[in-house]
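Encoded as structure tokens, the structure appears first; notes follow it.
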Amino acid sequence: MIRKSNDTSSQASRCSCTALRKASRRISQLYDAALAPSGLKTTQRAILAQIRRSEPTTVGSLAEALVMDAGALAHTLKPLGRDGLVSIDVDREDRRNRVVRLTQRGRIRLAESDMLWEKAQRGFEAAFGRVKSEALREAMRFLVSGEFVRAFEKATSTSFPGRG
């Protein structure tokens, strides 16, 4: 009988996308567990924190800041609106846009989660190392930058023979 190992270290992949997605899922699981007492998931807290930093904001601007598809963000905002953590209103200046704001309940919930998030951050840095954590965040900032996107697109835009 052949037995396959589920040890993630034994299943290394050369695919950067796969490695990043696996790491992201693992870290999200750990942060979700740390944030559980607040009733927020990591993605929800990230959205609330971004709204707090850029309030008021439109769904489109928020999606851009979070590097998310606007439709996916709108879907993720629904439970936050239902739970009274955010308000989503038609933009008075451009009716095509929706303006997103934290409600008082959202501000309180986010503030309550701040301590839990800080604890998760400290845990991450204790396990990974402060210097490596800072370097990782710097690398991630580069990966979401326009500079990286342009370089990636340039490197992958080679034509195949007979295809334009």
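Only the coordinates and a few stated rules stand behind these numbers; no lab work does. Being a predicted model, the structure only gives us computed values, none of them experimental. Glycine gets a Cβ as well: all are built from the backbone with ideal geometry, and neighbour counts include every protein chain shown.
For region 22-58 and region 107-121, what is the separation of their Cα centres, given in Å? After rounding, the separation between the Cα centres reads 10 Å.
For region 1-137, the number of Lys pairs separated by eight or more positions or lying on different chains, with C-alpha atoms closer than 27 Å, is 9. Note on Met115, Met68: ascending count of other Cβ atoms within 10 Å places them as Met115, Met68, the fewest first. Ranked by how many other Cβ atoms sit within 10 Å of their own Cβ, fewest first, the residues Lys41, Lys154 fall in the order Lys154, Lys41.
Using R₀ = 22 Å, calculate the FRET efficiency as 1/(1 + (r/R₀)^6) where r is the Cβ-Cβ separation of Glu147 and Cys15; round to 0.05.
Working: r = 22 Å, r/R0 = 1.00.
Efficiency computed from Cβ-Cβ geometry: 0.50.
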